1. Taking residue A:6 as meeting all but one of (1) more than 22 Å from residue B:23 (Cα to Cα); (2) in contact with a strand residue (DSSP E or B) (Cβ under 6 Å, 6 or more places away or on another chain); (3) within 12 Å of chain B (Cβ to nearest Cβ), write down the number of the exception.
2. If you scan the range B:25-47, which residues turn out to be part of a helix (DSSP H, G or I) and either in contact (Cβ under 8 Å) with a residue 24 or more places away in the chain or more than 7 Å from chain A (Cβ to nearest Cβ) (or both)?
3. When you go through (1) free of Cβ contacts under 8 Å to residues at least 60 places away in the same chain; (2) part of a strand (DSSP E or B) one by one for residue B:76, which number turns out not to apply?
4. Kindly indicate which of A:72, A:79 is touching a strand residue (DSSP E or B) at 6+ places or on another chain (Cβ under 7 Å), loosely packed, with under 12 Cβ neighbours inside 10 Å and within 30 Å of residue B:27 (Cβ to Cβ).
5. Taking the range A:41-59 as the search range and keeping residues that are surrounded by 16 or more Cβ atoms within 10 Å (Cβ to Cβ) and in contact with a helix residue (DSSP H, G or I) (Cβ under 9 Å, 6 or more places away or on another chain), which one is farthest from residue B:73 (Cα to Cα)?
6. Is at least one residue of the range B:12-21 closer than 16 Å to residue B:58 by Cα and either modelled with pLDDT of 95 or more or crowded, with 20+ Cβ neighbours inside 10 Å (or both)?
């Protein structure tokens, strides 16, 4: 089983890294690019087993350790 | 239009950040988690327009600037 976790800054939070990427792309000629947000992406291999239990455990790990829920959102997909 | 770009280290490349996350999770009790790979995630706002042209332009930006094609793969989704 594989889990894919995407962690992004919350809408209301300033994202200087994204702003920097946007400016850099504009300087390189990609002026069609508007707001950019930069986040993290994690791919985890999991032992096969109970999907729902795995999802619960991972959601807890995301909430407690992998993301900062004050300033970040996470999205968890199992496949 | 929104573009989502996921940049991950290639399979053959060591990913010390992923290894560190895996070890940390194991120490925290998440021993069911196997290999972890850590990548980057970018969300770009784009002016509406020709989808195929936008995809071509962004694929070029991914290849030339946003990823390091020697050690990283990217995945580009438009929505």
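1. Failing condition for residue A:6: (1).
2. B:26, B:27
3. Every condition holds for residue B:76 apart from (1).
4. On inspection, the qualifying residue turns out to be A:79.
5. Selected residue: A:58.
6. There is no residue in the range B:12-21 that is closer than 16 Å to residue B:58 by Cα and either modelled with pLDDT of 95 or more or crowded, with 20+ Cβ neighbours inside 10 Å (or both).
The values are calculated or read from the model by the stated rules, or taken from the named source; none is laboratory data. Because the structure is predicted, anything quoted here is derived from the model rather than measured. Cβ sites come from the backbone with ideal geometry, for glycine too, and all protein chains shown count toward neighbours.
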